Amino acid sequence: MANSDQTPLPTDNARFLELLSNVLPNGVYFADASGNILYANDKFHELTGMSRDHMLDEDWNACIHPDDLNYAIEEWDEAVTSGVSEAEYRCLHRDGTVCWVLDRAMAAEWDEDGRPLCMIGTLTDISDVKKRELDLSVALEKADAAALAKSEFLANMSHEIRTPMNGVLGMAEILGNTGLDEKQQMCVDTISKSGSALITIINDILDFAKVESGKLELDPLSFDLRAAVEDVATLLSSQAEEKSIELVVRCAPDLPDAVVGDAGRIRQIITNLVGNAVKFTTHGHVFLDVAADVSAETGVVAVKVAVADTGPGIPEDRMAGIFDKFEQVDNSITRTHGGTGLGLAISKRLVELMEGTIGVSSVEGEGSTFCFEVALSAGDANVDQPPLPCDLSGRRMLVVDDIELNRRIVQEQTLAWGMEPACASGGLEALEMIRTAQRTGAPYDIAVLDFQMPNLDGGQLAQLIRSEPEISDIPLILLTSVGQQADGKKFRDLGVEGHLIKPARSKLLQATIAKILAESDRRISTFTESEVSVEDVPANAPKSAGLGRILLAEDNQINQFVVQQMLEGLPIELTIADNGRLAVERFREDGADIVLMDVSMPEMDGYEATRSIREYEAGIAGSRVPIIGLTAHVMEHDRKRCLESGMDDYLPKPIALNPLRDMLFKWIQKSKETDLELTG
């Protein structure tokens, strides 16, 4: 209800507007198009310090910080042109203090030509906002600096640890091939496993640091997904064998030959998941299942990977945090399994970086299944695959394995090749099936036998088959574990035509079956990974008396000795340079067929030495000499830096014997092929 004594509103419009503007929290002004202030409220004077009595005589520009003056004038001119503007600048008070203001102006009156005659605007003090922005910017800079310092520290620590570990693991590998007794071999194996475990921990910490800092980048290339999966299985099969558990791998028959993605990171995710499953499973099996759905419209390949185990399972109350960093199902001091607790966290971040999904299901006491799905694109298939020596279509094959899952996978593979497989769950059943098939006039063309089966193993079954004249000529392939790979002579004495290590690579199994069936005498020793010793020269080695001259640039004497021992026995001539400068001098004086270039060296590092060699090559006639970087720096940008400096490839430290030899054979062969092209 209105009060009869209430003060009436002022009747003068100008007075009313003045009173209204003075209660506003913002400065309010009225100015002509030239920027002369015609009216301003109290807050405006408070912000600018302009005299109320001499406002028309004062220059508004004097109230703007000199560093912001040109910008403020440009914005005012824009307002006069368009009729509206918004600008942030510093206001310089008459007493010397500075505050940030937000100046919003708009035309209040227009002339006949549509040009603003006068402007009305507001000044808002935004000093607190700017201070918060500055504080946030400083905090971000400090955080970035801390993240950079952490990354550099981790990279340097990785380098400092990897350098001596190269000597430890390299010499352990060499020592392991010198005919040790059982106790000595056990000691060497312990050194190797402990060193490898340390390298795994270093890799996990480095990867997690890169993920946390946002420095991890994907490197998509076309690759063979099936081969990548089988690489992981080969790597972890020995660990599964040590625990007497079965590592089973299924790649769907319709899996594309090639996809585009980061092969290294996908292998890393699968390795983490399978490695965890093997670590926590004490009996039964680990099943790696890979499938893909290809969109006919978009060409997108939805890759689905599942790793199932028969381990202890995960308690329901631990499921939610299983992908958290440093999280382990058993965090107690009495836990039986080691590890950093980073593998699953890294895998989750990698999958998310690929815009995929990852999850887990588990029943405590029965096992767990980890699944992830990522969308890749179809790649260019390798059209240079050699043709099979015979057509497998319609060929009858018997698969003998006591594990139903193994039988189903081999059956699925061979059906996709056009074969007609049958399965037996044990030796006695297989023997009767082979006899029946022979009597009915439809004998099996070949049989694939698992070596480890209860009651009657694969070796005993092979002996029984060879002892019966009616069925003795059926070709046999034994699937063995890693632990039996040195028994090649034993398998040949059993009369089998080939043996492969489980889990057998799909293409190798297909090629082995085809080669055996194509041979008339059906008594050949198939090409098998299991019989290649470290002293053998790989099949792709150049067919010449010597493999060439190798120049090693390495300042660490232990690493020099390791490489010397690894290359001992090969038909090469090795020259050693203690730093990059000497390496360049040796190359100019004597040349080389291939250069092994350490990255971190005194006087001249490997990058600069490589550039110097490339500059020297540019001025002389001849082919480009392959340069392989040897580095304890394993970040992605380190690999790129090697290639950008002019190197052709690189090997991370610690260096292992077989990867080093394979790398040398690969590039020496390429060089010889290039020379033939140039001379041909």
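Couple of notes before you dig in:
Conditions (1) in contact (Cβ under 8 Å) with a residue 60 or more places away in the chain; (2) open to solvent by less than 20 Å² (accessible area, probe 1.4 Å); (3) not in a helix (DSSP H, G or I), marked per residue:
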position	(1), (2), (3)
Gln564	no, no, no
Thr575	no, no, yes
Arg611	no, no, no
Ile628	no, yes, yes
Lys640	no, no, no
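So that you can scan it fast, the table gives a plain yes or no per residue for (1) modelled with pLDDT of 80 or more; (2) at negative phi; (3) under 56 Å from the mean Cα position of the chain (by Cα); (4) open to solvent by 30 Å² or more (accessible area, probe 1.4 Å):
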| position | (1), (2), (3), (4) |
| --- | --- |
| Cys99 | yes, yes, yes, no |
| Met106 | yes, yes, yes, yes |
| Ile120 | yes, yes, no, yes |
| Leu123 | yes, yes, yes, no |
| Leu134 | yes, yes, yes, yes |
| Val138 | yes, yes, yes, yes |
| Leu148 | no, yes, yes, yes |
| Ala155 | no, yes, yes, no |
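- Residue list for the range 575-584, restricted to those being of a type in the set (A, V, I, L, M, F, W, C) and either within 34 Å of the chain's Cα centre (by Cα) or on the phi > 0 side of the Ramachandran plot (or both): Ile576, Ala577, Ala583, Val584
- Taking each residue of the range 409-420 that is farther than 13 Å from Asp391 by Cβ and looking for partners that are among the acidic types (Asp, Glu) and buried (at least 20 other Cβ atoms within 10 Å of the Cβ) with beta-carbon atoms closer than 8 Å, six or more apart or interchain, yields Val410/Asp401.
- Test: Ala172 is hydrophobic (A, V, I, L, M, F, W, C), open to solvent by less than 40 Å² (accessible area, probe 1.4 Å) and farther than 30 Å from Asp380 by Cβ: yes
- Enumeration of residues in the range 454-473 that are among the aliphatic types (A, V, I, L, M), open to solvent by 10 Å² or more (accessible area, probe 1.4 Å) and more than 44 Å from the chain's Cα centre (by Cα): Leu464
Okay, residues lined up against (1) modelled with pLDDT of 80 or more; (2) in contact with a His (Cβ under 6 Å, 6 or more places away or on another chain):
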| residue | (1), (2) |
| --- | --- |
| Ser151 | no, no |
| Arg162 | no, no |
| Asn166 | no, no |
| Ala172 | yes, no |
| Val248 | yes, yes |
| Leu255 | yes, no |
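- The number of residues in the range 282-297 that are among the small types (Gly, Ala, Ser) and either within 23 Å of Gln413 (Cβ to Cβ) or in contact (Cβ under 8 Å) with a residue 40 or more places away in the chain (or both) comes to 3.
- Some residue of the range 118-136 being part of a strand (DSSP E or B), more than 30 Å from His93 (Cβ to Cβ) and in contact with a strand residue (DSSP E or B) (Cβ under 9 Å, 6 or more places away or on another chain): no
- Qualifying residue in the range 491-507 (condition: open to solvent by less than 30 Å² (accessible area, probe 1.4 Å), at pLDDT below 90, part of a helix (DSSP H, G or I) and under 29 Å from Gln239 (Cβ atoms)): yes
- The lone exception for Gly591 - which of (1) surrounded by 19 or more Cβ atoms within 10 Å (Cβ to Cβ); (2) more than 26 Å from Leu175 (Cβ to Cβ); (3) small (Gly, Ala, Ser) it fails: (1)
- Any chance Lys325 is modelled with pLDDT of 80 or more, surrounded by 15 or more Cβ atoms within 10 Å (Cβ to Cβ) and within 25 Å of the chain's Cα centre (by Cα): no
- Once the range 516-532 is narrowed to residues that are farther than 25 Å from Leu225 by Cβ and part of a helix (DSSP H, G or I), the residue that is modelled with the lowest pLDDT is Glu531.
- Sub-8 Å Cβ pairs linking a first residue in the range 162-188 that is under 18 Å from Pro654 (Cα atoms) and without any contact (Cβ under 8 Å) to a residue 40 or more places away in the chain to a second residue that is of a type in the set (A, V, I, L, M) and open to solvent by 20 Å² or more (accessible area, probe 1.4 Å), at least 6 apart or interchain, are Ala172/Ile191; Val188/Leu175; Val188/Leu180, ordered by first then second residue.
- Criterion (assigned to a strand (DSSP E or B), open to solvent by 50 Å² or more (accessible area, probe 1.4 Å) and in contact (Cβ under 8 Å) with a residue 40 or more places away in the chain) met by exactly one of Lys304, Lys279: Lys304
- Filter result (touching a strand residue (DSSP E or B) at 6+ places or on another chain (Cβ under 9 Å) and closer than 11 Å to Asp555 by Cβ) within the range 589-603: Asp598, Val599, Ser600, Met601
- So Glu217, is it under 25 Å from Arg639 (Cα atoms), in contact (Cβ under 8 Å) with a residue 24 or more places away in the chain and open to solvent by 50 Å² or more (accessible area, probe 1.4 Å): yes
- Within the range 283-298, considering residues that are over 23 Å from Pro312 (Cα atoms), over 22 Å from the mean Cα position of the chain (by Cα) and among the hydrophobic types (A, V, I, L, M, F, W, C), the one least open to solvent (accessible area, probe 1.4 Å): Val294
- Residues being of a type in the set (A, V, I, L, M, F, W, C) and modelled with pLDDT of 90 or more - total across the range 356-391: 9
- Residue tally, condition hydrophobic (A, V, I, L, M, F, W, C) and either free of Cβ contacts under 8 Å to residues at least 12 places away in the same chain or surrounded by fewer than 21 Cβ atoms within 10 Å (Cβ to Cβ) (or both), over the range 224-254: 6
For every residue, the table says whether it meets (1) within 29 Å of Leu500 (Cα to Cα); (2) in a helix (DSSP H, G or I); (3) of a type in the set (Asp, Glu).
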| site | (1), (2), (3) |
| --- | --- |
| Glu173 | yes, yes, yes |
| Gln184 | yes, yes, no |
| Asp207 | no, yes, yes |
| Leu218 | no, no, no |
| Asp257 | yes, no, yes |
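- Selection within the range 57-79 - more than 12 Å from Gly35 (Cβ to Cβ) and at pLDDT below 75: Asp57
The values are calculated or read from the model by the stated rules, or taken from the named source; none is laboratory data. It should be emphasised that the depicted structure is a prediction, and the values quoted were computed from it without experimental measurement. Ideal geometry is used to build each Cβ from the backbone, glycine not excepted, and the neighbour counts take in all protein chains shown. Just the protein is used for accessible areas: all its heavy atoms, side chains included, with ligands, DNA and RNA removed. Shrake-Rupley method; radii C 1.70, N 1.55, O 1.52, S 1.80 Å.
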